[in-house]
Every structure is written in C-alpha cells, then in structure tokens.
Amino acid sequence: AAELSWVPASMQRLREAGTVDALAEKYLVNPEPPRTLWSYRYWLLSILGLAILGAAGAIFWNRALVRSVRLRTEEMERAMARGESLMRSLAANEKRFQTFMTLSGEGIARAEVNPPIGVERPEAEQIAHILASTRLAECNRALTPMIRPGSPADFVGLGLTDLVPARELEAALP
C-alpha cells in the first residue's frame, strides 16, 4: 500500500488540470464509432458467399435434372420406336393371316373360350366348360358349306353346340 501512496496526489493534479476527464473519456469510456457499410463487410461477404453457393448448387442441380430428363426422353423414344415396330409387325402378320384365311381351300375357324378354365381341373369339367363357353371368333368361306349355308359373318359368336349337333360332339369325345 505504501508503494501506491503517490496515486492520490497524481490524480488530484490531473483533476485540477482537467486532463483526468479527457483521459478517462479516451481510454475508459470507449464510445462505439459510427457504423458504416465497411463495418458490416464480414456479414455482407458471408451472405454473398452463400448466395453464390446457392446459385452454383441450383445450376448443377438444373444440369443434372436436364440430363436426367434427356436420358428418360431418349429411353421413351426408343420404347415408342420398339412399340411402333411391333405394331407394324403385328399388322403385317394380321394381314398375312387374313390373306391365308381368304385364299385357303381348307375350312379354317378360330374359336375363343371365355372365360378360360385351368388345365388342373378334372377332364370332365374341362370338356363341359369348353362345350358351354366356346364361341366361334372367325372362320373362312371354305368352312361355311361344311356346317350349313351362309356367310362367315353369320357364324361369328355362335357356340359349339350351335354349330355342331350335340350328339356328334359327344361321339367325338372320349
């Protein structure tokens, strides 16, 4: 405490000279300098950096999306081309079949069983179902005189029992 005995006398002299208030204001009371745009530079640079990163991310995401859409479009175009090729092939096959049906001297018929029956069912049940559910879908002109006079369109939709007498069907079955 004896070493600091000079402090009160020095403070008194400074007060009388008016320099204590000036020194205190300069070193002890630290008034904040006025804010300028430069004082916010770190915040502004951070925001600018985030905006640049966001824009770059959006650009890369957009490029990836465009690439994905392009690949999917190409895939769909290939699938459509395959489908169109199959449709052309199917139309050509249908035309060949119709030509064959028209030009053949043999009686040809196409029948449909609707609803279908499973092959695991007993034989007797399958036969009964086929006789009851089979309908003529199409036939050629050579077949019609074998059944009875008329055009092929007259026979479309008729059941087996409408086309062939039941006793003949039963005789043909095991």
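Structural remarks
- Condition met for THR73 (modelled with pLDDT under 95, among the polar types (S, T, N, Q) and surrounded by 10 or more Cβ atoms within 10 Å (Cβ to Cβ)): no
- Verdict on VAL7 being touching a helix residue (DSSP H, G or I) at 6+ places or on another chain (Cβ under 7 Å), in a helix (DSSP H, G or I) and at pLDDT below 90: no
- Pairs, first surrounded by 10 or more Cβ atoms within 10 Å (Cβ to Cβ) in the range 31-54, second at pLDDT 80 or above, C-beta under 9 Å, six or more apart: none
- Counted residues, the range 123-160 - those being more than 49 Å from the chain's Cα centre (by Cα) and among the β-branched types (Val, Ile, Thr): 2
- The one condition from (1) open to solvent by less than 90 Å² (accessible area, probe 1.4 Å); (2) over 19 Å from LEU169 (Cβ atoms) that ALA128 does not meet is (2).
- Conditions (1) open to solvent by 60 Å² or more (accessible area, probe 1.4 Å); (2) without any contact (Cβ under 8 Å) to a residue 40 or more places away in the chain; number of the one not met by LEU173: (2)
- Qualifying residue in the range 138-157 (condition: within 21 Å of GLU94 (Cα to Cα), open to solvent by less than 70 Å² (accessible area, probe 1.4 Å), of a type outside the set (Phe, Trp, Tyr) and part of a strand (DSSP E or B)): yes
- Residue check, GLY107 without any contact (Cβ under 8 Å) to a residue 40 or more places away in the chain, surrounded by 10 or more Cβ atoms within 10 Å (Cβ to Cβ) and not in a helix (DSSP H, G or I): yes
- Qualifying residue in the range 86-99 (condition: in contact (Cβ under 8 Å) with a residue 24 or more places away in the chain and either surrounded by 13 or more Cβ atoms within 10 Å (Cβ to Cβ) or out of contact with any Pro (no Cβ under 8 Å at 6 or more places or on another chain) (or both)): no
The values are calculated or read from the model by the stated rules, or taken from the named source; none is laboratory data. As the structure is a computational prediction, the values presented were derived from the model and not from experiment. In this analysis, Cβ positions are derived from the backbone assuming ideal geometry, glycine residues included, and neighbour counts consider all displayed protein chains. With ligands, DNA and RNA removed, areas are computed over all heavy atoms of the protein, side chains included. Shrake-Rupley method; radii C 1.70, N 1.55, O 1.52, S 1.80 Å.
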